Amino acid sequence: ASLGRFVEHHYGMAVDPETLFLTAGNSQALEFVCERFTKPGDVVFVDEPCYFLAFQILLARGLEIVSIPLDDQGMQIEVLERELAKRKPALVYTIPSFNNPTGLTLSRARRERLADLSREHGFVVAAAEVYQLLGYEGEVPPAMATLIDRGNVISMGSFSKILAPALRVGWIQASTALVARMLESGWVNSGGAVNQFASLIVSQAIDSGALDAHLDWL
């Protein structure tokens, strides 16, 4: 409930709790998404340049990586569309707001087109939105999370970037259909959640207003 209210407030959208899934940070979220939505030999499109540690996760899963270049509006969707004519990706991994390492941001129009393409071509967008709330000036385009009903979009957030770097708590937001596929995981059914103790700490930070105050300071 706390996470739902937090996302509603900061993303400016109504949030169904059934669309949220707690993770042990963003890297674990990407690992989990790969587990549920890819198999060895599948193709994954990524930003170029991209967060270097993501490659370890993707390569360990036996995925073929295809890089899509960036410009001042983020991932070049026209290049992605040309690649879609050649091969079918299972996943597109992107950091839409303040890409690591370039700081570039995917435009609103390109976000919407990416969501539409995910539905047209049957791939999943894994959007690492860990910097979405850290815009210092100007207007940040709406989070990819706002498009979960428009395409096969999985938005991955992390409190490691907005509360404490070593706090391995994050979240996934996706359509109820995609969340249902994640809930079929054996380890999820075994434990029910991840990092419960730290999650309760974050919940208290949200409910007390401490996290919003910290975000303002950041």
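The values are calculated or read from the model by the stated rules, or taken from the named source; none is laboratory data. All values reported here derive from a predicted model rather than from experimental measurement. Every residue, glycine as well, gets a Cβ built from its backbone with ideal geometry; the counts of neighbours run over all protein chains shown. Please note that ligands, DNA and RNA were not included when accessible areas were found on the heavy atoms of the full protein model with its side chains. Shrake-Rupley method; radii C 1.70, N 1.55, O 1.52, S 1.80 Å.
Structure summary
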{"read-out": "Selection status of V46, under 22 Å from L167 (Cα atoms), under 15 Å from the mean Cα position of the chain (by Cα) and either open to solvent by 40 Å² or more (accessible area, probe 1.4 Å) or touching a residue at least 40 places away in the same chain (Cβ under 8 Å) (or both)", "value": "no"}
{"read-out": "In the stretch 83-137, residue nearest to the chain's Cα centre (by Cα) [restricted to those that are under 20 Å from T38 (Cα atoms) and among the aromatic types (F, W, Y)]", "value": "Y93"}
{"read-out": "Residue within the stretch 8-20 that is assigned to a strand (DSSP E or B) and open to solvent by 20 Å² or more (accessible area, probe 1.4 Å) present", "value": "yes"}
{"read-out": "Filter pass, L104 being surrounded by fewer than 22 Cβ atoms within 10 Å (Cβ to Cβ), part of a helix (DSSP H, G or I) and of a type outside the set (V, I, T)", "value": "no"}
{"read-out": "I57 vs. criteria outside any loop (DSSP other than H, G, I, E, B), β-branched (V, I, T), over 27 Å from V169 (Cβ atoms) and open to solvent by 20 Å² or more (accessible area, probe 1.4 Å)", "value": "no"}
{"read-out": "Candidates L104, L53, L63, L30 - the one that is among the aliphatic types (A, V, I, L, M) and at pLDDT below 95", "value": "L53"}
{"read-out": "Test: residue in the stretch 74-90 that is open to solvent by 50 Å² or more (accessible area, probe 1.4 Å), assigned to a helix (DSSP H, G or I), over 14 Å from F45 (Cα atoms) and of a type in the set (K, R)", "value": "no"}
{"read-out": "Single residue of the stretch 91-101 satisfying the filter (out of contact with any Asp or Glu (no Cβ under 7 Å at 6 or more places or on another chain) and assigned to a loop (DSSP other than H, G, I, E, B)) that is farthest from V66 (Cα to Cα)", "value": "F98"}
